Amino acid sequence: MGRAKELLKNKNAVTLIALAAAYAVVAWMLYSGHITRQFTNMIIPMSMYIVLAVSLNLVVGFLGELNLGHAGFMSVGLFTGCLLSISLADKLPLIARLPLCMLVGGICAGLFGFAVGMPALRLKGDYLAIVTLACGEIVKNIITNLNVTGGARGLNTQPIYSGAKALLPYAVVLVFLTVIVMMHIKKSKQGRAIMAIRDNRIAAESIGLNVTYYKLTVFIIAAFFAGAAGALYGHYFANVKAVTFDYNMSIEILVIVVLGGMGSVRGSVIAAVVLQALPEIFRDFGDYRMLIYAVVLILAMLLTNSPRLAPLRQKLSSVRLGKAKETGGENHGTA
Amino acid sequence: MMKKMMSLILAAAMVFALTACGGDKPASTADGTDGTKETIKIGGIGPLTGDYANYGISVKQGAEIAVKEINAAGGIAGQQIELSFQDSQGDAESAVNAYGKLLDWGMKISMGCVFSGEMATVCAAAKDDDIMLLTPSGSSDNILDSNDKAFRVCFNDGYQGVMAANYIKEKNITDKVAVLYQSDYDYSTGLYESFKKGCEENGIEIVEVQTFTESTKTDFTTQINKLLAADVKLIFIPIYAEPASTFLTQAKGKFGDDVYFFGADGLDGILEKVAQDVTIANNVLMMTPFAADNSDAKVQAFVKAYQEAYNGATPDQFAADGYDAVYILKAAMEKAGSSSGAAMAKAMLELEITGVTGTMKWTADGNTQKNAMAIIYKDGTGSLFGQ
Amino acid sequence: MIEFIKTLISGLGLGSIYALIALGYTMVYGIAKMLNFAHGDVIMVGAYAGIVAFTSAGLPPVFTVFLSVLVCTLLGVTIEHFAYKPLRGASSLSVLITAIGMSYLLQNLALMIFGSQQKAYPQYVKLGQVSLGAVTVDGITLLTLGVTACIMVGMSLFINRTKLGKAMRAVAEDRGAAELMGISVDRTIALTFAIGSALAAVASMCYGLTYVYIKPTTGAMPGIKAFTAAVFGGIGSLPGAMLGGIALGVIEQMAKTYISPLWADAIVFAVLVLVLVVRPTGLLGKEIQEKV
């Protein structure tokens, strides 16, 4: 009894339990057929967006650098992973092939993250954001112009296509892996170092933290998970084109991170589910989706970051008895 | 507090979202059991909003005309039909979700998707469903491979490009051509490749190939310079109407009056795109199986019905494809005697149908072959070329 | 050779549009220290304002341009007041995200009002083509070049010779010190946005007359490329923006002619990455010391 109470106090444990319960319900519904087709079709994209948002949160929320090329990382993992999967399609069963391809896709994306992260040696803030944007666009351009990836016509992934039922276990594993790794990083010594860099880079440097090392590590880890998600995601389509994974998609992931709360793993998970489900429910309002995203981005930033609204925020948080601690997102140090 | 409220709202939204998605099981109507009152539900998917909305809207409107006509004439085997057309914005992920939504709605037959990319993934997702898919306009070559119940109304790109080359040879237009195509778009590259093949077969020489991409489709100066230098009588432009309008606007007055711009079905709607100055589209030749001024009685009846229904708008090829698709589905269902996908797919192979886009027969790979004509535009009106 | 000259001229035309947009970027970045991602979309709004004024309301060309400048200026100041001003002093990350949000907001509002289909910008200035020996040039390209050069000179005079310009330089140099000297930082930044947006309106005119078709997303790509140009030239420097814009335009057209249009975008972005990695201050930018 006491243990259970203690467990409930642990926010991470609660998140993991809730997530596991949610997936258990979804899996039961899916495999027993108590589910609509529309919902079936949303499970895999939702899971992928959870992975993308949580991994982007590592860069944006923990490290405090804006990455506008997250979809590009995903793209790298998707195409390398799927190309490998296609070549192994009749040699290995899905159970061995998919994890391998996700690993390879993740590693390739990680290498790419390393390449993009290198400018982090010299750049910060807006410039770094623009470099990630540029790299995302360059990747898109290169993949579209290559023959091996199917070029403009897209990669024909029909040989490796798998439905939601086949992919769900892998998606669940990836989601849990991502969430647990992020939670662990947040609590660890490295995580505190990363957040120290975010809050005050110069101070962090002065106490001997290797800023470059941490920045690069963050970029690589985030890219790895995005790439692994990409490799899995490719199996869910019969044809994938690089142009799908453009700047707009990166922004969509960013919206999830911002809405869920920068630095909050749990927030990213919830926001990913909500932002994936709402457009489906309100299919007929497709045109308004991006408009609402835009308003959400602006309002979320103004409400949580405006120095002018600081007194209001303080007032609100002092109402929360005994819970005045500042977590992620709010107050990102001084400019 | 703020964060707590936010997460509460989010969590509430999530619960709502999940229940709304997962909650409503496809309800079988009470009066559906005896089979007399139940309608046959047909689903369609395509871009109704976004950059390519005109194509999806055309298909939808054409299909609606056919549905109206069929219902007025007593439906299919006494059953009325009902069409639901879902917006995908041309995006594959959204199209798959829309396909799921249509199944939940009770769709028995599918018109597939308007675009190739979305059709490919929906075909794969529908592999295990007993549903026939008939795309009105998805022309990319391999998209139907994963599903043996998938067919198309339009030409496939691999055939259309060759046919364009044949047409040039047949009408003896020229034996030296140039090409401008969009290198990051499947439709455009697919057509270009098959056109190249067709040119080799017909001894037509391609002297210049120029490309552009989605993000460079606003400025054609360098391409126009190179095309001018090539000095040809025909430029093949297998691109969509929107970039074509930009290209033609920038090219206006630079090429001679005897230079043709030859495009395919994607050019449909070019006149609306250059509505501010329709002479921009002068000398544009468009290959199509459907021409609104074709004197064929069936075509004229369709054009008249379409104009009456949509404020005098003239149907384009996509509308005609949508119209034909519904009639083909009707014929296949009548032949098969049921709406079972497998039975209808089998019936498709035995059908020969004359629609407004010509006479069609299908092969097991889902493709069809039919004749094409070319329309030439002059001062805002299109007429059959060579007449 | 003729091909080369033709490419060069079209590069100059494209580049001068980039330069006009880059001027707005560089001023705002130099003075407000923020990347106004929505700047490109202000151009799109200006173009739609031009279409409405000329085609729908039937205003004469001079008023059309005036109205579009007015709309953009008001828009720029409004955006600054409601979205960016409350975030002064917050982290650059949150300002940048807000700016991205603003860019999306403008695009989607335009989508809502004008629809996704392209609209033709009225061709109220007809210049035809000018022959220079063996090379013919679009008159509009020359007009754009002229307009950009005039604005560059005018802006330089304004910044260097007037009191307001001095105030702007002071705010760019050290915001706190400027405030102590009695300069209203808020008003100076608002003025910067007003001028930058007015320039965007002029850019929208040049863009519309050159490329004719306007869509809600019209501003996005030129915006990003103009930012590249501003960085290339050295952010915060007016001549740098001009030089960067022209250089980028020429590079892009040369790449399209001599390499392939396939790679034009990748090359432009690769230039950006290279400049940022090798020389983050750009061609004419100053080294800025980081303050603790």
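Derivation of every value follows stated rules applied to the coordinates shown; laboratory data play no part. Just so you know, these numbers come straight off a predicted model, no measurement behind them. Reconstructed Cβ throughout: ideal geometry from the backbone, glycine too, with neighbour counts over all protein chains shown.
Using each residue's phi in region B:63-71, evaluate 6.51 cos²θ - 1.76 cosθ + 1.60 at θ = phi - 60° and report the 3J(HN,Hα) Karplus result to the nearest Hz, with x for Gly and Pro.
After applying 6.51 cos²θ - 1.76 cosθ + 1.60, I find 5, 5, 4, 4, 4, 4, 4, 5, 5 Hz.
Report the relative contact order of region B:281-380, percent, no decimals, based on alpha-carbon pairs under 8 angstrom and at least 6 residues apart.
41
Sort the following peptides by mean Cβ neighbour count (other Cβ atoms within 10 Å, averaged over residues), highest first: B:260-266, B:246-252, A:30-36, C:235-241.
B:260-266, C:235-241, B:246-252, A:30-36
Can you check what the net charge comes to around C:W263, using other residues whose Cβ is under 13 Å from the Cβ of C:W263 (Lys, Arg +1; Asp, Glu -1)?
With Lys, Arg at +1 and Asp, Glu at -1, the neighbours total -2.
Tell me what chain A gives for mean residue ellipticity at 222 nm when only DSSP H runs of n ≥ 4 count, each as -39,500 (n - 2.57), the sum divided by the residue total, rounded to 500 deg cm²/dmol.
On the way: 14 runs with 241 residues, N = 335.
Calculated mean residue ellipticity at 222 nm is -24000 deg cm²/dmol.
Any idea what angle helix B:186-202 forms with the longest principal axis of chain B, computed on alpha-carbon atoms, 0 to 90 degrees, nearest 10?
50
Given the -39500 (n - 2.57) contribution per DSSP H run of 4+ residues, what per-residue ellipticity at 222 nm results for chain C, rounded to the nearest 500 deg cm²/dmol?
That calculation yields -23500 deg cm²/dmol at 222 nm.
What does a probe at C:T55 reach in region C:207-232, counting residues whose amide N is under 13 Å from the point 7 Å along Cα→Cβ?
It comes to C:208-209, C:212-216, nothing else.
For the protein assembly as shown, take the alpha-carbon Rg, divide it by the Kirkwood Rh, and send me Rg/Rh.
Across the protein assembly as shown, the Cα-based Rg/Rh ratio is 0.97.
Which one of C:T162, C:A178, C:C150 has its Cα pushed farthest toward the positive end of the charge dipole of region C:133-178, where Lys and Arg give +1 and Asp and Glu give -1 at the Cβ?
C:A178
When only Cα pairs under 8 Å and 6 or more residues apart are kept, what is the percent relative contact order across region C:15-218? Don't skip to the answer; put the middle values down first.
Numbers: 270 pairs, mean separation 85.3, N = 204.
42 percent.
Compute the semi-axes of the equivalent ellipsoid of region A:20-138, taking the square root of 5 times each eigenvalue of the Cα gyration tensor, and list them largest first in whole Å.
They are 32, 20, 11 Å, listed from largest to smallest.
When the label point is put 7 Å from the Cα of B:D258 along its Cα-to-beta-carbon vector, which residues of region B:220-235 have a backbone N closer than 20 Å?
Label zone hits: B:227-235.
Gap in Å between the Cα centre of region C:156-233 and the Cα centre of region A:183-256?
Using only Cα atoms to place each centre, the spacing works out to 33 Å.
Of B:K298/C:K119; B:K233/B:K370; B:K233/C:K256; B:K101/B:K370, which sit over 30 Å apart, Cα to Cα?
In this structure, B:K298/C:K119; B:K101/B:K370 lie more than 30 Å apart at Cα.
Considering region B:158-288, what Rg and Dmax in Å follow from its alpha-carbon atoms?
13.3, 40
Along the Cα-to-Cβ line of C:A134, 7 Å from the Cα, sits a label point; which residues in region B:184-225 have backbone N less than 20 Å from it?
Taking a point 7 Å out along Cα→Cβ of C:A134, the residues of region B:184-225 whose backbone N falls under 20 Å are B:222-225.
For region C:15-218, take the alpha-carbon Rg, divide it by the Kirkwood Rh, and send me Rg/Rh.
Rg/Rh: 1.01.
Given the -39500 (n - 2.57) contribution per DSSP H run of 4+ residues, what per-residue ellipticity at 222 nm results for chain B, rounded to the nearest 500 deg cm²/dmol?
Details: 12 runs with 163 residues, N = 387.
-13500 deg cm²/dmol, from helical runs alone.
Apply the Karplus curve 6.51 cos²θ - 1.76 cosθ + 1.60, θ = phi - 60°, to the phi angles in region C:197-214 and return the couplings in whole Hz, x for Gly and Pro.
Once θ is set to phi - 60°, the couplings for region C:197-214 become 6, 4, 4, 4, 5, 5, 4, 5, 5, 4, 4, x, 5, 7, 9, 6, 8, 10 Hz.
Residues with beta-carbon under 12 Å from that of A:L30, excluding A:L30: net charge, scoring Lys, Arg +1 and Asp, Glu -1?
+2
Across peptide C:276-282, what mean number of C-beta atoms from other chains lies inside 10 Å of a residue's C-beta?
If you average over the peptide's residues, the count of other-chain Cβ atoms is 3.
Among rounded, prolate and oblate, which fits region A:170-214 when a ≥ b ≥ c are the square roots of the eigenvalues of its C-alpha gyration tensor, a/c under 1.5 means rounded, and a/b larger than b/c means prolate?
Note, shape of region A:170-214 comes out prolate.
In terms of modelled amide H atoms, which long-range or inter-chain residues lie less than 5 Å from the amide H of B:G263?
Long-range HN contacts for B:G263: B:I237, B:L285, B:M286, B:M287.
Taking R0 as 56 Å, what FRET efficiency do you get between B:K335 and C:V125 from their Cβ-Cβ distance, rounded to the nearest 0.05?
Using R0 = 56 Å, I get an efficiency of 0.35.
Taking chain C as a Gaussian network, where each spring joins two C-alpha atoms under 10 Å apart, which residue of C:V271, C:V137, C:V62 fluctuates the most?
The residue with the greatest mean-square fluctuation here is C:V62.
Taking the beta-carbon count within 10 Å as an exposure proxy, list B:E208, B:E118, C:E3 from fewest neighbours to most. Provide the component values of the computation, followed by the final result.
Values: B:E208 18, B:E118 30, C:E3 14.
Result, fewest neighbours first: C:E3, B:E208, B:E118.
Please give the net charge around C:A134, taking every other residue with its beta carbon less than 12 angstrom from that of C:A134, where Lys and Arg add +1 and Asp and Glu add -1. The partial results should precede the final answer.
On the way: positive: C:K6; negative: C:E3.
With Lys, Arg at +1 and Asp, Glu at -1, the net is 0.
Using 7 Å Cα-to-Cβ label points, what is the B:T354/A:A20 separation (nm, one decimal)?
In this crude label model, B:T354 to A:A20 measures out at 6.9 nm.
Rounded to the nearest 0.05, what FRET efficiency do B:Q276 and B:D129 give with R0 = 45 Å and r taken as the Cβ-Cβ distance? Could you check?
Efficiency, from the Cβ-Cβ distance: 0.45.
For peptide C:253-266, how many partner chain Cβ atoms fall within 10 Å of a residue's Cβ, on average?
Mean number of neighbouring Cβ atoms from other chains: 6.
In Å, what Rg and Dmax follow from the Cα atoms of region A:44-281?
Cα only, region A:44-281: 17.1, 55 Å (Rg, Dmax).
Can you bin region A:1-57 into rounded, prolate or oblate? Criterion: square roots of the alpha carbon gyration tensor eigenvalues sorted a ≥ b ≥ c, rounded for a/c under 1.5, prolate for a/b above b/c, oblate for the rest. Don't jump to the answer; show the numbers that get you there.
Values: a/c = 5.16, a/b = 1.50, b/c = 3.45.
Here region A:1-57 falls in the oblate category.
Calculate the mean, over all residues of peptide A:237-248, of how many other protein chain Cβ atoms lie within 10 angstrom of the residue's Cβ.
6
Between A:S206 and C:L274, what is the FRET efficiency for a Förster distance of 41 Å, r being their Cβ-Cβ separation, to the nearest 0.05?
With a Förster radius of 41 Å, E is 0.85.
Compute the normalised compactness of chain B: alpha-carbon radius of gyration over 2.2 N^0.38 Å, N being the residue count.
The value comes to 1.06.
Please determine, in degrees from 0 to 90 and to the nearest 10, the orientation of helix B:241-251 with respect to the longest principal axis defined by the Cα atoms of chain B, where the helix direction is its Cα long axis.
The two axes meet at around 20 degrees.
From the phi angles alone, apply the Karplus equation (6.51, -1.76, 1.60; θ = phi - 60°) to region C:87-95 and give each ³J(HN,Hα) in whole Hz, x where the residue is Gly or Pro.
Rounded to whole hertz, the list is 9, 4, x, 7, 5, 5, 4, 6, 5.
Before anything else, pin down the relative contact order of chain A: Cα pairs under 8 Å, at least 6 apart, normalised by residue count, whole percent.
Reported relative contact order: 31 percent.
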